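The block underneath contains the structure these notes are about, expressed in structure tokens.
Any read-out appearing in this document is the output of simple, stated calculations on the displayed coordinates, not a laboratory observation. All of these numbers come straight from a predicted model, not from anything done at the bench. FYI the Cβ positions are ideal-geometry reconstructions off the backbone, even for glycines, and counts take in every protein chain you see.
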Amino acid sequence: MAWKNQQQFIDALEKAGELIRIKSFVDPKLEIAEITDRISKSGNGGKALLFENTGYDFPVLMNAYGSEKRMCMALGVNHLDDVAKEIENLFKLLASPKEGILDKLKLLPKLGQFASWMPKVKSGRGECQEVVMIEPDITKLPVITCWPKDGGPFVTLPIIHTKDPNNNARNVGMYRMQVFGPTLTGMHWHKHKVSAKHFAEYKKLNKRMPVAVALGGDPAYAYSATAPLPENVDEYMLAGFLRKKKVELVKCISQPDVEVPADADFIIEGYVDPNDELIWEGPFGDHTGYYSLPDWYPRFHITAITHKKNAVYPATIVGIPPQEDAWLGKATERIFLAPIKMTMVPEILDMDMPIEGVFHNLVITKIKKDYAGQGQKVMNAMWGAGQMMFNKILVMADEGVVIQDYELLAKYVFKNLNPATDIFFSTGPMDVLDHSCSKMGFGGKMCIDGTAKFEEELSDNYLENSIIIDTDLIITTLKSFPEIKVVNAELVKKDIPCLILSVEKNRKGHLKELHQQVCSQKEIEGIKMILYVEHTVDANDLPIALWRFCNNLDPKRDFHLYDNPSLNNSEKIFACMGFDGTRKTKEFDNFHRDWPNIIVADDETINAVDQKWNELGLGGFIPSPSLKFKDQMYGEEAVVNPLST
């Protein structure tokens, strides 16, 4: 369904018991983020929050997409899979043979629907232009500062509009914007993004690039801006499909070459000049749960700000999962499963992106397997498909398991896994925010093939799966290694032959050496994989350990395979794969990039929110999630502004 505007969506959330109005004063600098972090981690995503007293003229909406129910409400569906089913039926209709006139006539209603989804530019002004700031000043908006080490306040839900100067093709994306002054922000588009390609074309032409930013409006706009669409597909066509009504656009006032949604709450108009010096933007507490390090990005000069009467400023925070963005990612996972199956990889049956993998880091794929090597065929196809090129760890399963049941999935994968022959490594483009890569935006990937194997894929040289593992003996054995601080053998007790160890590195090559020593112990035989995390991480806290592990691993650089004759059966080989998911340093790992810190709130903000909690109307006291992570930080972050050196 189409929401008339953001206010109608807010009213619906409130009616459904999914929104809490906070009338007491809350500072947009750090306090709104701290409260939202507590609520979003309080179970099932908590509630949406409307901060009505911010010290500014506008309330702030937070956590609006932060649960499955609210994400479904935003997209007007009962279940996220409903959209995928509709897309799949549409693909089947379009792809089916059209032998006679009646078959072709059946298409006419669907073609009419296509036309009704296409965006339309209307004349005159829109609701988003009811009020025009005489002097544009973004500092008059309640732009939030999320985390204490952030470079400043950031616009976190901007719907950014650009056009290709050669063919006028529109792109709608979402890239954070750091506020530097009343009419100046950064424009944080990565080199892989379409807007960055548009900017490159303007550079060639030596022309200013007009840009417009929308905030609010139908929630389908914000989702569509994050969707991994092909470059030639208009995001507002997707929004029209989702809302079953075309998006009405109006021309900007100061940048008339750009059109924006008529029902948006705010429009920020301006330009990026290719002749400008870049600006040092960041750090920013990012969706990985770590600060993304500062870098040079284009300057966005604001030429006009307009808004509707009674506008509400929408924002979000990202950080240590789970956060609101997990549900935007879950919507993408479900919605784009259909086009991936129908157009690129037909053997894919299902896909899942666990929260701990923060989108690209960990993807689980279920396939219909008909021949040997099919897992690798799908692996290569997925790593060549759009934003899936950023995937770091791909886990492959088949029809024998439900991939959303993680315990059953792990048992199935490890039962089918030979760590010496069924883990495949590659290199390729990575998310610019991935701090584990030795070189920014380029690093290692791996596929763990946990599908049932055909005869051609098997090797008789390795130990059988039937070997009995004594967890008590394992724990006793590992206690003899002083650098191992915590042993998590709980997975082994569930017939999942994988250990998670918290270790304290103290020399070069330490993890490689330690893995060889551990695996040479007779009691370890039968374990197929060991995940190493740093000593400040509790290996027994599985979600947190996996989140830290996935972030800190470059699979191709950080794997250590033990592959030696068995001590229990001299005719067989014992193989165990070790992965180094610890922090990398120059001293111990020859790692030369800055390593970012994890994101936690500062004590002053935590105490301020504690003091005002009872007046916020949020129910029983919820302590700060940051308290759990205070002892896992690395100390002061080594971020140096090059202008000062």
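Between the helical axis of 542-552 and the dominant principal axis of the chain, each derived from Cα atoms, what acute angle in degrees is found, rounded to the nearest 10?
Taking Cα atoms only, the helix is inclined about 80 degrees.
Run the Debye formula on the Cα coordinates of region 471-589, all scatterers equal and no solvent, and tell me log10 I(q)/I(0) at q = 0.19 1/Å.
-1.01
Please compute the contact order of the chain in relative form: average sequence separation of alpha-carbon pairs under 8 Å and at least six residues apart, divided by the residue count, as a percent.
Over the chain, the number comes to 13 percent.
Can you run phi through the Karplus equation (6.51, -1.76, 1.60; θ = phi - 60°) for region 399-415 and list ³J(HN,Hα) in whole Hz, with x for Gly and Pro?
Per residue, the Karplus-derived 3J(HN,Hα) values read 5, x, 8, 8, 6, 7, 8, 5, 5, 5, 4, 4, 4, 5, 4, 5, 4 Hz.
Label 7 Å along Cα→Cβ of SER459; region 356-395 residues with amide nitrogen under 17 Å?
So the set is 373, 376.
Kirkwood Rh over Cα pairs of region 119-248 into Stokes-Einstein at 37 °C, 0.692 mPa s: D in µm²/s?
203 µm²/s
So for each of 588-599, 530-541 I average, over its residues, the number of other beta carbons within 10 Å; can you give me the resulting order with the highest mean first?
Top of the packing list down: 530-541, 588-599.
Stokes-Einstein D for region 376-415 at 4 °C, 1.567 mPa s, Kirkwood Rh over Cα pairs, in µm²/s?
114 µm²/s
How large is the direction-averaged shadow of the alpha-carbon convex hull of the chain, in nm²?
Reported value for the Cα convex hull: 31.0 nm².
Of the listed peptides 560-571, 493-504, what is their order by residue-averaged count of other C-beta atoms within 10 Å, with the highest listed first?
Final packing ranking: 493-504, 560-571.
What is the magnitude of the charge dipole of region 325-457 about its Cα centre, with +1 placed on the Cβ of each Lys and Arg, -1 on the Cβ of each Asp and Glu, and no other charges, expressed in debye to the nearest 20?
Using only the charged Cβ atoms, the result is roughly 240 debye.
Across every pair of different alpha-carbon atoms, what Kirkwood hydrodynamic radius in Å does region 154-221 reach?
For region 154-221, the Kirkwood estimate is 12.7 Å.
Calculate how large, on average over all directions, the projected area of the Cα convex hull of region 325-457 is; give the answer in nm² to one decimal.
Averaged projected area of region 325-457's Cα convex hull equals 7.9 nm².
Over region 325-457, what is the percentage of antiparallel beta bridges among all DSSP beta bridges, to the nearest 5?
Taking every DSSP beta bridge within region 325-457, about 55 percent pair in antiparallel fashion.
Size of the dipole of the chain about the Cα centre, Lys and Arg at +1 and Asp and Glu at -1 on the beta carbon, nothing else charged, in debye to 20?
The calculated dipole for the chain is roughly 1660 debye.
Given the pairs LYS47/LYS415; LYS23/LYS197; LYS47/LYS140; LYS207/LYS309, which are separated by over 32 angstrom at their Cα positions?
Distance filter (> 32 Å) returns LYS47/LYS415; LYS23/LYS197; LYS207/LYS309.
Given R₀ = 22 Å, FRET efficiency for TYR371-VAL402 by Cβ-Cβ distance, to 0.05?
Taking R0 as 22 Å, the efficiency between TYR371 and VAL402 is 0.45.
Taking every DSSP beta bridge that has both residues in the chain, what percent is antiparallel when rounded to the nearest 5?
Percentage antiparallel, nearest 5: 70.
So who's got an amide H within less than 5 Å of the one on ASP27, skipping anything under 5 residues away but keeping other chains? H placed 1.01 Å off N, in plane.
Under 5 Å from the amide H of ASP27 lie the amide H atoms of ILE32, each far enough along the sequence or on another chain.
In whole Å, what three semi-axes, largest first, describe the equivalent ellipsoid of region 179-271 built from its Cα gyration tensor (square root of 5 times each eigenvalue)?
Each semi-axis is √(5λ); the values are 23, 17, 13 Å.
Helix 194-205 sits at what angle to the longest principal axis of the chain, using alpha carbons and giving 0 to 90 degrees rounded to 10?
60 degrees
May I ask for the angle, rounded to the nearest 10°, between helix 31-40 and the longest principal axis of the chain, with both axes built from Cα atoms and the value confined to 0 to 90°?
Roughly 60 degrees between the two axes.
If the viscosity is 1.306 mPa s and the temperature 10 °C, what Stokes-Einstein diffusion coefficient in µm²/s follows for region 355-432 when Rh is the Kirkwood radius over Cα pairs?
119 µm²/s
Highest mean first, how do 43-52, 170-179, 261-270, 314-323 rank when packing is the count of other Cβ atoms within 10 Å averaged over residues?
For the peptides 43-52, 170-179, 261-270, 314-323, the packing ranking is 261-270, 314-323, 170-179, 43-52.
Find the Cα radius of gyration of region 282-402, compare it with 2.2 N^0.38 Å by division, and give the number to two decimals.
Rounded to two decimals, the normalised Rg is 1.38.
What Kirkwood hydrodynamic radius do you get for region 522-645 when you take the inverse of the mean 1/r over all pairs of distinct Cα atoms, in Å?
Computed over Cα pairs of region 522-645, the Kirkwood hydrodynamic radius comes out at 18.3 Å.
Taking each pair of distinct Cα atoms in region 477-516 once, what is the resulting Kirkwood hydrodynamic radius in Å?
11.1 Å
Alpha carbon centre of region 483-520 versus region 14-82: separation in Å?
Spelled out, the Cα-based centre of one part sits 41 Å from the other.
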